[in-house]
1. Please enumerate the residues belonging to the range 233-277 that are farther than 16 Å from Val299 by Cα and among the charged types (D, E, K, R).
2. Scan the strands (runs of 3 or more DSSP E) fully inside the range 1-92 and keep the ones with 1 or more residues being modelled with pLDDT of 90 or more and surrounded by 18 or more Cβ atoms within 10 Å (Cβ to Cβ).
3. Conditions: (1) modelled with pLDDT under 70; (2) touching a strand residue (DSSP E or B) at 6+ places or on another chain (Cβ under 6 Å); (3) of a type in the set (Ser, Thr, Tyr). Tyr164 meets all but one. Number of the miss?
Amino acid sequence: MKYLPIKLLAVLGLGLTLSCVEDDDLNPEIVIPTTELPENSVAFLTTYFSAETVTTASKKTSPDPDDDGYYEVRLSNGVEIEYNQEGDWVEIDSNNGQIPDGVLPVSMTDYISQNHPNQVIDNVDRERFGNTGYTGYEVELEPSEIELYFDAEGMYIGQHKPDYYDVDSHDDKMSITYGQLPASSQQILADLGITESANPKVYQSTDNDLEDYYEVKTAEGISIEFNKEGSWTSIEAETTPLTISYFEGVLPESITSHFSTNYPNEKIEEVEITGTIITIETTTDKDIKYRTDGTFIGVS
């Protein structure tokens, strides 16, 4: 191995005794010479950061199941790079600098330069799902603090904006396009008269365990939530209450008929599906319940 392109500072010395660089009681990091980095980690530095000096190299005393980062390198230009135990990079913190060409897929960098021309990449994480390897990237831009999500090939998936960008944004959801919704969700929206041309706001949860995985919000103040499979779980009128006729495309005919006959003057604030129970909440605080097969249960 050749390390000459990476200028090693002698402030710590190559033959130093290992010492802690971070006081983490559970998993401290210890300073190491760069000769203890995996070969592919050194090769990555040589290829993309040959003009920079390594100021500190360190590693954790034991693997962290919740964090792939095992080795960390800090460079003289302020860049910090984390590698996993195999020596593959998992996170780069550029500190508002520039990430060299070739590190990220071209499709990703092209998208960012075309759609966010006044932003720089502050941080990029390689994302993992289960044990299937790295399946994508999370990129944080500055100064906007917008987070972008890309798949393993660098194709754009969606984004999450800070709360000050959009009063409707959520910490656990990111913006996606209408076309990225499951086909079943798009069909339900069509049955409700909500088309892509209406430009509704569409969100996807960043938490795989949430029941309400997708959310669509219209300019009229209607919010529709879907589970991960694309089935709707909630339809809420956040501004103007709805009549039962609005739901004729998504509720069984026996429910809309029974409601129209027995509650003709009631306006609806929200309809929810929980298991096999459909609850219609009205503006008069009635919860009118049916089974998903259309059978009337009662009112509470």
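1. Matches in the range 233-277: Glu236, Glu238, Glu248, Glu253.
2. Hits in the range 1-92: 53-60, 71-75, 80-83.
3. (2)
The values are calculated or read from the model by the stated rules, or taken from the named source; none is laboratory data. In this text the structure is predicted, and so the values were computed from the model without any measurement. As a convention, Cβ positions derive from the backbone with ideal geometry for all residues, glycine included, and neighbour counts pool all protein chains shown.
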